[in-house]
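In what follows, a single structure is set out as structure tokens and then discussed.
The values are calculated or read from the model by the stated rules, or taken from the named source; none is laboratory data. If you're wondering where the values come from, they're calculated on a predicted model, not measured in any experiment. For neighbour counting, all protein chains shown are included, and Cβ atoms are generated from backbone atoms with ideal geometry for every residue, glycine included.
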Amino acid sequence: MSTAEPASRPNYYLLLAAVGIGGILAPINSTMLAVALPELRQDFGISHSEVGWLISAYLIAMAVAQPVGGRLSDQLGRARVYRAGLIGFLAFSLAAVFAPNFPTLVVFRTGQAIAGAVLIPNGMAMLRESVPVDRLGRIYGLNGAMMGTAAAAGPLIGGGLLALGSWRLLFLLNVPIVALAFLVLARVDYRDTPSPTRTPIDWIGAALFALALIALTYLLNSVRGGQGTLPLIAAAVALATFAAAFAARQLAAAVPVIEWRLFGQRAFAAASSYTLLTNLVMYTTLLTVPFFIQEVQGRSPAMTGLLLGAMSVLMAVIAPISGRVSDTYGRRWPALAGACLALAAAIFLLAGLDEDVPVYYLAIGLAMLGAGVGMGFGAATTAAIESAPRSLAGSAAGTNSMMRYIGSILGAGILVGILNTSGATVPGIGVFQAILAIVASMAALAIVAGALIHRFPSERDGVGVENIGRAT
């Protein structure tokens, strides 16, 4: 594979600003909404299981659309698809403000996710094409820091907006963010280089993938929901059927939805598994805290925002430092250190959790967890994307990002499945302890995945799928 750099490269710090501003839409909308979940449940008079679909539908749409969005960018051009994603995200956000009922809100939230799904892989691919390889880790670290800062600000902003009025105000925050992203992107001299060949998108495969994830989510949500045996069996059969059909479609399709060849490269498979596991850890915790703080301890949404901010702030602070370290010492060590710290944080929280646990104790544990996730995020993302050739940068970024959202889907499903109660029933402390035990187990598995990530790719400009099987 050629190691030549692109002949023309834009100011990559200006490009980072444009990509980062658009990229914060997903995390800030996730953390803002997490704070509002208890209020949404009361406002619409729904159960934990039902409100969980507002999260799950968003995550499923993001997971399915990520690889499709990455492949579209490979074919149509990164900037063009990126702009389309910004416009769509804005349109669905405005529609969500006026949602008359919960099902409509879920639909608009899903549309928001589909439109936004192209932003993260396209942004990553634009950086991959434009940034010198010896600076890629720190640039991805800075991008991760922007996303972490957004996640940190989300609970605080969400709590403030809830104090001012309705949860509907949360969706209006996207208007100035999208406008700023367009203004900065207009100043970037980025030249699209779409692929000269147009390969069809496997929409049937994407639909089967979505149906399999919906069946999985329903099965997880129904574990403690009081359903009879027959619905659970039907959900299990549906999951097996759609999963088998999706696998068969992927084997038969000339261009499958997901670039499976990348998983034959050990570094990509390990880094993507690490991404899935650490995001499962982070997202499960993110969604658990509001219910524990507000329903068990009776504290305010503002306190929830402060505690989630403690987790996200450390993610934002550590991510760029970790990216710089990974450029110097390799991707493996920051990933391993981050997973070990996340495991220590989960054990710390589990050991001290009871109804009267002090706020400062929770803040310390959440800050440790945020530092661990931030430490490994940039290194793992860089390792995954640099394992692919430049021509598949969008597909690699989309597939890796898909793994992050599958981790979130599993985390949300596990949470709702364990937490699931109806009406005004408040879950007991044992329920939250069980959730944290699962979080600790996933952090332990992330350590195993981190140990298999390469230090540096075997070729400085990336290891292509044509080199699958080479030692790294």
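Some observations on this one:
- Against the list (1) touching a residue at least 40 places away in the same chain (Cβ under 8 Å); (2) part of a helix (DSSP H, G or I); (3) closer than 27 Å to ALA412 by Cβ, the condition ALA18 fails is (3).
- Unique match (being of a type in the set (Gly, Ala, Ser) and either surrounded by fewer than 24 Cβ atoms within 10 Å (Cβ to Cβ) or part of a loop (DSSP other than H, G, I, E, B) (or both)) among ALA397, ALA344, ALA380: ALA344
- Selection from segment 159-170 of residues that are more than 18 Å from LEU94 (Cβ to Cβ) and either among the aliphatic types (A, V, I, L, M) or under 20 Å from the mean Cα position of the chain (by Cα) (or both): LEU162, ALA163, LEU164
- Residue within segment 239-255 that is assigned to a helix (DSSP H, G or I), β-branched (Val, Ile, Thr) and modelled with pLDDT of 90 or more present: yes
- In segment 166-178, residue modelled with the highest pLDDT [restricted to those that are in a loop (DSSP other than H, G, I, E, B) and buried (at least 16 other Cβ atoms within 10 Å of the Cβ)]: LEU173
- None of ALA212, ALA181, ALA163, ALA206 is out of contact with any Leu (no Cβ under 9 Å at 6 or more places or on another chain), at pLDDT 75 or above, assigned to a helix (DSSP H, G or I) and over 22 Å from ALA36 (Cα atoms) except ALA206.
- When LEU314, LEU286, LEU306 are screened for being more than 15 Å from ALA371 (Cα to Cα), assigned by TED's automatic domain parsing to the domain that holds LEU369 and either surrounded by fewer than 22 Cβ atoms within 10 Å (Cβ to Cβ) or touching a residue at least 40 places away in the same chain (Cβ under 8 Å) (or both), only LEU306 passes.
- Scope segment 319-337; condition within 14 Å of ARG135 (Cα to Cα) and either outside the structural domain of VAL448 (by TED's automatic domain parsing) or surrounded by fewer than 24 Cβ atoms within 10 Å (Cβ to Cβ) (or both); matching residues: PRO320, ILE321, ARG324, VAL325, ASP327, THR328, TYR329, GLY330
- Conditions (1) at negative phi; (2) at pLDDT below 80: number failed by ILE447: (2)
- Residue in segment 241-260 that is surrounded by fewer than 22 Cβ atoms within 10 Å (Cβ to Cβ), of a type outside the set (Phe, Trp, Tyr), within 25 Å of the chain's Cα centre (by Cα) and more than 19 Å from TRP203 (Cα to Cα) present: no
- Verdict on ILE364 being in the same structural domain as LEU287 (by TED's automatic domain parsing) and either among the hydroxyl-bearing types (Ser, Thr, Tyr) or at pLDDT 85 or above (or both): yes
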